1. If I stretch the segment between Lys61 and Leu6 completely, what's the gain in nm (0.36 nm per residue apart, minus their alpha carbon distance), one decimal?
2. Across segment 52-60, in residue order, what do the Karplus-derived ³J(HN,Hα) couplings come to in whole Hz, using 6.51 cos²θ - 1.76 cosθ + 1.60 with θ = phi - 60° and x for Gly and Pro?
3. How do Cys145, Cys229, Cys206 line up, fewest other C-beta atoms within 10 Å first?
4. Treat the count of other C-beta atoms within 10 Å as a stand-in for reagent exposure and order Thr68, Thr142 from fewest to most.
5. Can you pick out the pairs among Lys211/Lys231; Lys144/Lys235; Lys121/Lys160; Lys150/Lys203; Lys96/Lys116 whose Cα atoms lie more than 28 Å from each other?
6. Arranged from highest to lowest average of other beta-carbon atoms within 10 Å per residue, in what order do the peptides 39-47, 83-91 appear?
7. Counting other C-beta atoms within 10 Å, which of Ile7, Ile51 has the fewest, and how do the rest follow?
8. Computed FRET efficiency, Cβ-Cβ of Lys215 and Ser168, R0 35 Å: what is it to the nearest 0.05?
Amino acid sequence: MSKFDLILPRGKEQVLKAEDKDYDRGLLVELLSDGGYEVAYWYDKEEPYPIEVLVDGESVKKDAKKVTFKFHPKMEEKRVNESQEIMGSFQKYIEKRCDSLLMNEEGLHNWFAKSKSKDGKAGWVDVVDGDACAREKGETATPKCVSSAKRESMSKKERKAAQARKRSKDPNQPKKKNAAKPTNVKTDIKEQKDKPGKGSGTKDACYHKVKSRYKVWPSAYASGALVKCRKVGAKNWGNSTKKESYNFKSFAEFLTS
């Protein structure tokens, strides 16, 4: 059994009735949201009734209706300290985020300023021809823009593939007007990691690469190529100009290779 006679809920006035056979009277008590208390005396009706209030034995008012007990000083100090700690942590977070954003902005500015087209103009360049990334008069194709450093790191095949993806995903870019936002298309496509699988059923990077090289699929030759591809990795298979050859001593060896 609890040692407390009554637990006050916060923000809800509680009506307490005195044990008195002759009169209906009692107290109205509320635990305030700030931690203090508001108390009133009621008589006959459950509403504040004027009554004399004494503090430490001295009368302070003859007809007081409500008495408020302020939040306990030590608890108030603790609450203020906790609030200051929370605000301090929040301020540090905001400062850190602002510094991070500023660094990113400066880094982007430097990256953009260092990028130059073939004729020396600063800014992004067309991924294929390296010219300044702006549509020339009468041009209707959608340009794919990158930094000059990024373009230099790409092969001709990668540049053309990036341009094709951009035009496929954002074919109507030349028709957009004013500040219409272009469709963002990734320059690089991450190749799927090779996955060990049974037969040719696993559609990993090797599956797609080998399948594109063989007219007959599936076939024994294609399956052999798939096995070899998965051994060396999709990036390393099929780069030689020499024709791939497979020499299995037996069908069993082929299956276990």
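1. 17.0 nm
2. 6, 10, 10, 10, 6, x, 10, 6, 10
3. Listing Cys145, Cys229, Cys206 from fewest to most nearby Cβ atoms yields Cys145, Cys229, Cys206.
4. In order of increasing Cβ crowding within 10 Å: Thr68, Thr142.
5. Violating the 28 Å limit, Cα to Cα: Lys150/Lys203; Lys96/Lys116.
6. 39-47, 83-91
7. Ascending Cβ contact count within 10 Å gives the list Ile7, Ile51.
8. My answer for the efficiency is 0.85.
We did not get these values from a lab; they are worked out from the coordinates using the rules stated. It should be emphasised that the depicted structure is a prediction, and the values quoted were computed from it without experimental measurement. Virtual Cβ from ideal backbone geometry, glycine too; neighbours counted across all protein chains shown.
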